[in-house]
Amino acid sequence: MIIPIVAYGTKVLKQKAEDISSDYPNLKQLIVDMFETMYEASGVGLAAPQIGRSIRLFIVDGSPFADEDADMEGFRKVFINPQIVEESGEEWNFNEGCLSIPSIREDVSRLSKVRIRYQDQDFNTIEEEYDGTKARIIQHEYDHIEGVLFTDYLSAIKKRLLKRKLNDISKGNVKVDYRMKFPLKKGR
Ligand code: NI
């Protein structure tokens, strides 16, 4: 089932999400629905707050990048209760976008490596290190469960320049070809 993705300005996107236990209701189905929702929106990552749930869960599938980066083939994963243990390496810029902030993309600088501890779908605890584009997708999705959006990293000037566009997104005044829910949309 496709779940509408909540847009910029929705409160849940600014909340720190809560850990879940293995008896979280209908977790398996929720994960299936999140993948379906992400694929329909042509995304490479989706975090639970983006579908209105303030829980520490996100999914990734980097295979759309596999054409340019063979390493991304098969990078399809579920992260439950993740904690970033360490970030290291060099700062690098990557042009980020977000399914909750359609039509805006901006360069964001982050460290190149991330060590993350999380639970898989069977609640086995796993610790792994990722770098490059994989690390970048994980860092972006991890931010969502911490209540952080990529626009939070932009300079004050850039934020001011984007203010009207972001406000339009919250109101639903944006062209988007997947299902969304807008916090400031009037009527209907
Ligand atoms: Ni995002």
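Tabulated results
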read-out	value
Within region 91-153: Cβ-based charge dipole about Cα centre, in debye rounded to nearest 20 (Lys, Arg +1; Asp, Glu -1)	120
Selected from G43, I157, S112, residue furthest toward positive end of dipole (region 5-181; charges at beta carbon)	I157
Taking the chain and dividing mean pair separation by its residue count, relative contact order in percent (alpha carbons under 8 Å, at least six apart)	28
Where the chain is the region considered: accessible area per residue in Å², 1.4 Å probe	53
Percentage relative contact order, region 40-97, counting C-alpha pairs under 8 Å, at least six apart	25
Cα→Cβ-extended label distance, 7 Å offset, between R76 and S42, nm	1.9
Inter-label distance for S21 and D107, nm, one decimal - labels placed 7 Å from Cα along Cα-to-Cβ	4.8
Accessible carbon and sulfur surface of the chain relative to its total accessible area, %, 1.4 Å	46
Cβ charges +1 (Lys, Arg) and -1 (Asp, Glu), total dipole of region 42-122, debye	520
Entries in K14/K159; K134/K165; K11/K185; K16/K113; K113/K175 that, when Cα-Cα distance is taken, lie over 25 Å	K134/K165; K113/K175
The chain - Rg and Dmax from Cα coordinates, angstrom	16.1, 49
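The values are calculated or read from the model by the stated rules, or taken from the named source; none is laboratory data. Given the structure is predicted, the values throughout are model-derived calculations rather than measurements. Because the Cβ atoms are built from the backbone with ideal geometry, glycine has one as well, and the counts that use them run over all protein chains shown. SASA here: full protein model, heavy atoms, side chains in, ligands and nucleic acids out. Shrake-Rupley method; radii C 1.70, N 1.55, O 1.52, S 1.80 Å.
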